[in-house]
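Comments concern the structure below.
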Amino acid sequence: MTAELARFQAAVDRARAAATADAGRLWDVDLTDARWIGAGADHWYLTEDPDQPGFSYRSPFWRGPKPAGSTHGNTAIDWAGRRWANIALPLGGDTPPPGLDRDGATRLLLHEAWHACGQETLFPDGLGGEPAVVGGDLLDRSAGRVWLRLEAAALSRAVADRSERAAGAAGCFRLRRQREATAAEWNRERTLELGEGLPEYTAWRLTGADRAAVSAHVRAIPIQNSLVRSFAYHTGPGYGFVLDDLAPGWQRDIPTVRDLPELLRRATTVPAIERAEAAAEEYGYSEILAEELARDRDRADDLAATVRRFRDGPLLRIRPDQVRIDFSPQQVRQFDFGAVYGKLAWRTEDGTMLDVDGEALVTADWNEIQVPLDRVTDDPPTAGPGWTLVLTDRWQTTRDGRGWLITPR
């Protein structure tokens, strides 16, 4: 067994031990039922017999060829009549980030196990998809980022010090941000915090993380990137641990309330939003505001260029029957007409592959993937600025007024 597979197996053992110790108490959901797929470049390594052709047992995994079109992301998938937690190998990529140490790898497996085993149990009617919404760029602008950073700082202090006052400040800053949000954006943030924040909280709680580590994680939102989608991985554990202090048993209410900040407001006094600016100075408001206004100025030309590129420039447009992508949650920018991903992969069962390390747009209706062209050529392109495409005979290409359109035959 390679060192990477040994690392994956060790993470599986630790995740199972954590789930066994919990015994379903946290959510009344037994995560020991989780089954994992280690998704390598060419092979899958399974923790349970899939009863599928091509798979055989070689301790400690059932091994077989990676199905064409399958995801290489960390997510829950349905395959072979069962629900699996899919984990991309090597863990954390070729150069694992600092946060994916031994405990981080265990948390990753538990996070995805919650998606596979817990999410549908708690939310049987689903949480909805991730469409682009009006105002969805709020957390990529100073108007939203300032108050999110302050909220994270207050949550971090509330976790570390068990401070009810800091928890109230976090709730106040959240309400202040709501003043800047459209109704659609507010619902998107709330839903994303349930879909990604709750499994992240679960992973930190089940691994017995100390409060200092959780506090540091909450505060470490990746401010160098867009926070449109990545924020929930940090605020979710923050609200979860604070609610453990202020409202024990809150997990029973979340399937009906579906709003972590609302549960906080029910558990403690949250200052009126008119006091937000005064309260924020304690958490570095002036410095954060200056940083975010400077970021807005520095990025204005780049954002305008992106809008022109996808609204006016030549494009390769892919219109599959259903859009399924792998992407980095830290490289997502929202626009009213769709979401732009800095890193994206699209795969189909016939072997078609699009790999993007630049810019790709998924339209607001999730019907189309678009990548920019330098120019429109006579022949269908297979590469462009920051992307490559491998296309099989199942697809047809048509030249039109925007460039090239790819659709199923």
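The values are calculated or read from the model by the stated rules, or taken from the named source; none is laboratory data. Predicted model only: the values in this text are computed from it and were never measured. Neighbour counts are summed over all protein chains in view; Cβ atoms, including those assigned to glycine, are modelled from backbone coordinates with ideal geometry. Calculation scope for accessible area: heavy atoms of the full protein, side chains included, ligands and nucleic acids excluded. Shrake-Rupley method; radii C 1.70, N 1.55, O 1.52, S 1.80 Å.
Checked against (1) buried (at least 17 other Cβ atoms within 10 Å of the Cβ); (2) aliphatic (A, V, I, L, M); (3) outside any strand (DSSP E or B), residue 304 passes all but a single condition, namely (1).
Among the residues of the stretch 227-243, the ones that are open to solvent by 10 Å² or more (accessible area, probe 1.4 Å) and under 13 Å from residue 149 (Cα atoms) come to 1 in all. Within the stretch 244-268, the set of residues being surrounded by fewer than 18 Cβ atoms within 10 Å (Cβ to Cβ), free of Cβ contacts under 8 Å to residues at least 40 places away in the same chain, touching a helix residue (DSSP H, G or I) at 6+ places or on another chain (Cβ under 9 Å) and assigned to a helix (DSSP H, G or I) comprises 244, 257, 262, 266.
Residue 291 falls short on exactly one of the conditions (1) open to solvent by less than 40 Å² (accessible area, probe 1.4 Å); (2) within 30 Å of residue 169 (Cβ to Cβ), and that condition is (1).
Considering each residue of the stretch 126-133 in turn, at least one proves to be assigned to a loop (DSSP other than H, G, I, E, B), of a type in the set (Val, Ile, Thr) and either more than 22 Å from the chain's Cα centre (by Cα) or under 25 Å from residue 224 (Cβ atoms) (or both).
Output the residue which, of all residues in the stretch 273-288 that are open to solvent by less than 50 Å² (accessible area, probe 1.4 Å) and either in a helix (DSSP H, G or I) or at pLDDT below 95 (or both), is nearest to residue 145 (Cα to Cα). Only one residue tops the list, namely 288. The single condition among (1) closer than 18 Å to residue 132 by Cβ; (2) open to solvent by less than 40 Å² (accessible area, probe 1.4 Å) that residue 365 does not satisfy is (2). In the stretch 364-383, what residues are modelled with pLDDT under 95 and among the hydroxyl-bearing types (Ser, Thr, Tyr)? Correct list: 377 only. Looking at the stretch 70-82, is at least one residue open to solvent by less than 70 Å² (accessible area, probe 1.4 Å), of a type in the set (A, V, I, L, M, F, W, C) and within 21 Å of residue 352 (Cα to Cα)? Within the stretch 70-82, one or more residues are open to solvent by less than 70 Å² (accessible area, probe 1.4 Å), of a type in the set (A, V, I, L, M, F, W, C) and within 21 Å of residue 352 (Cα to Cα). Residues in the stretch 83-106 that are open to solvent by 50 Å² or more (accessible area, probe 1.4 Å) and at pLDDT 95 or above: 83 only. Once the stretch 29-50 is narrowed to residues that are touching a residue at least 24 places away in the same chain (Cβ under 8 Å) and open to solvent by 70 Å² or more (accessible area, probe 1.4 Å), the residue that is nearest to residue 84 (Cα to Cα) is 33.
Here residue 333 passes the criteria (1) open to solvent by 20 Å² or more (accessible area, probe 1.4 Å); (2) within 20 Å of residue 191 (Cβ to Cβ); (3) in contact with a strand residue (DSSP E or B) (Cβ under 7 Å, 6 or more places away or on another chain); (4) part of a loop (DSSP other than H, G, I, E, B) except the one numbered (4). Has the stretch 125-133 got any residue that is crowded, with 19+ Cβ neighbours inside 10 Å, modelled with pLDDT under 95 and more than 23 Å from residue 111 (Cα to Cα)? Checking the stretch 125-133: at least one residue is crowded, with 19+ Cβ neighbours inside 10 Å, modelled with pLDDT under 95 and more than 23 Å from residue 111 (Cα to Cα).
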